[in-house]
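Colleague: Got a structure here, written out as structure tokens. Questions coming.
FYI, it's all coordinate maths here, none of it is from the lab. On a predicted model such as this, the values are computed, not experimentally measured, just so you know. Counting neighbours? That spans all protein chains shown, and the Cβs are built from the backbone with ideal geometry, glycine included.
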Amino acid sequence: MKTVVITGSTRGIGYGLAEAFLDLGCAVTVNGRSQSSVDKARQQLAAKHGQERLYGCAADVADLRRVEALWQTAVARFGKIDIWINNAGLGHDLLPMWELPPERIKAIVDGNILGVLHGSRVAVRGMLAQGFGQLYNMQGAGSNGHVRRGMSVYAASKAAVRLLTQALVNETKETAVQVGFLSPGMVVTDLLLDPLAADTASFERSRRVFNILSDRVETVAPFLAQKILANDKTGVSIKWLTRSKIFWRFLSAPFNKRDPFGERAPA
């Protein structure tokens, strides 16, 4: 039985991944910054899957000692960690960098960059010691160098994660640790919805494109989980929204009306 730790898994794509891995027979450790959010996620998941393959640990990934405790307690619960996914992250409103509150910029740097550094450090060290394991870092808008207007700080953080992951692939060569990239595409979660809700005019202008490119968590998470469990190589990029898929969606858009937002569309 594979054991999986997913940071930032009390909601959004992280929660969806936790549910998908449980559906596939894995043991899962869910994580969030607050104990209340962890407890709520555990209760929801346990209602369907039971408690035996489920553990929860509150930890702010910007705090190295808490991330170390996350590893240690998950190992104490399940005996090993096969897969560690650095998913925790924060976004911001669609604003120029100079208009963002300094505390929000710091929170994004702490969570999206420092948190991934801490998670990667702890996971690689632990996996080297146990002699196996896979680490995956979550990509996002900015990972490929493209920057959308108003997303400068978030994009910069994801570009940093991309570079870090590439470096880790090189640094773990000739070891038993495998490092990879996860790219879920544009998923309808709070990370996408919150900035759009603060700028509904922008959403309405681009709604056709959002409808074409976006997907729901329950569509993307099972795909990613299955690909992760099937992977046995390092340096692999597991991507949901491929170029060919994007091309086909735009090509078929006049005949295939998609609305992944549904009732969650910003009003």
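Colleague: Specify the inter-centroid distance of segment 49-123 and segment 201-223, based on alpha-carbon positions, in whole Å.
Modeller: 25
Colleague: Here is a further query. Can you tell me the dipole magnitude for segment 1-149 around its Cα centre, using point charges on the Cβ only (Lys, Arg +1; Asp, Glu -1), in Debye to the nearest 20?
Modeller: 140
Colleague: Can you tell me which of 150, 32, 111 moves the most in a GNM of the chain? Springs connect C-alpha atoms under 10 Å apart.
Modeller: Answer for the Gaussian network model of the chain: 150.
Colleague: Given Cβ point charges of +1 (Lys, Arg) and -1 (Asp, Glu) and nothing else, what value in debye, to the nearest 20, does the dipole of the chain about its Cα centre take?
Modeller: 540
Colleague: Straight-line reach from residue 233: which lysines fall under 24 Å, measuring Cα to Cα and dropping same-chain residues less than 8 apart?
Modeller: 2, 80, 158, 173, 245
Colleague: Check residue 187: other-chain or 5+ apart residues with amide H under 5 Å from its amide H, H built from backbone geometry?
Modeller: Result for residue 187 returns 215.
Colleague: Quick one: Kirkwood hydrodynamic radius for segment 48-142, alpha-carbon pairs, angstrom, one decimal?
Modeller: It is 14.8 Å.
Colleague: HN-Hα J couplings of segment 53-62 from phi, Karplus 6.51/-1.76/1.60, θ = phi - 60°, integer Hz, Gly and Pro as x?
Modeller: 9, 10, 9, x, 8, 7, 6, 7, 5, 6
Colleague: Quick check: residue separation of residue 200 and residue 223 times 0.36 nm, minus the Cα distance between them. What number comes out in nm?
Modeller: Net length gain for the segment: 5.3 nm.
Colleague: Would you grab the residues whose amide H sits under 5 Å from the one on residue 237? Only those 5+ places off in sequence or on another chain, please, with H modelled 1.01 Å from N.
Modeller: Those lying under 5 Å, H to H, from residue 237 are 181.
Colleague: How big is the charge dipole of segment 88-233 about its Cα centre, in debye rounded to the nearest 20, if each Lys and Arg gets +1 on its Cβ and each Asp and Glu gets -1 on its Cβ?
Modeller: It comes to approximately 320 debye.
Colleague: Taking H placed 1.01 Å from N in the peptide plane, check which residues at least 5 places from residue 5 or on another chain put their amide H under 5 Å from its amide H.
Modeller: Amide H to amide H, under 5 Å and 5 or more residues apart or across chains, residue 5 pairs with 29, 83, 84, 85.
Colleague: How long is the gain from residue 104 to residue 233 if the chain were fully straight, where each residue apart is worth 0.36 nm and the alpha carbon distance is subtracted?
Modeller: That works out to 42.8 nm of additional length.
Colleague: Same structure again: Please compute the modelled spin-label separation between residue 256 and residue 47, points set 7 Å along Cα→Cβ, answer in nm with one decimal.
Modeller: In this crude label model, residue 47 to residue 256 measures out at 3.3 nm.
Colleague: Follow-up. For segment 1-86, just say rounded, prolate or oblate: build the C-alpha gyration tensor, square-root its eigenvalues into a ≥ b ≥ c, call rounded for a/c under 1.5, and beyond that prolate if a/b exceeds b/c, oblate if not.
Modeller: Oblate, because a/c is 1.5 or more while a/b does not exceed b/c.
Colleague: Additional query: Quickly work out the residue 216-to-residue 147 label distance, labels modelled 7 Å from Cα along the C-beta direction, and quote it in nm with one decimal.
Modeller: 3.5
Colleague: Here's something else I'd like to know. Just grab the label-to-label distance for residue 97 and residue 76, each label 7 Å out from Cα along the Cβ direction, in nm (one decimal).
Modeller: 4.2
Colleague: Compute a Gaussian network model of the chain, connecting alpha carbons closer than 10 Å, and tell me which residue from 50, 119, 89 fluctuates the most.
Modeller: Fluctuation is largest for 50.
Colleague: Sticking with this one: Choose one answer from 81, 246, 212: the residue with the largest mean-square fluctuation in a GNM of the chain with alpha-carbon springs under 10 Å.
Modeller: 246
Colleague: Taking the Cβ-Cβ separation of residue 263 and residue 174 as r and a Förster radius of 45 Å, what is the calculated FRET efficiency to the nearest 0.05?
Modeller: The computed FRET efficiency comes out at 0.35.
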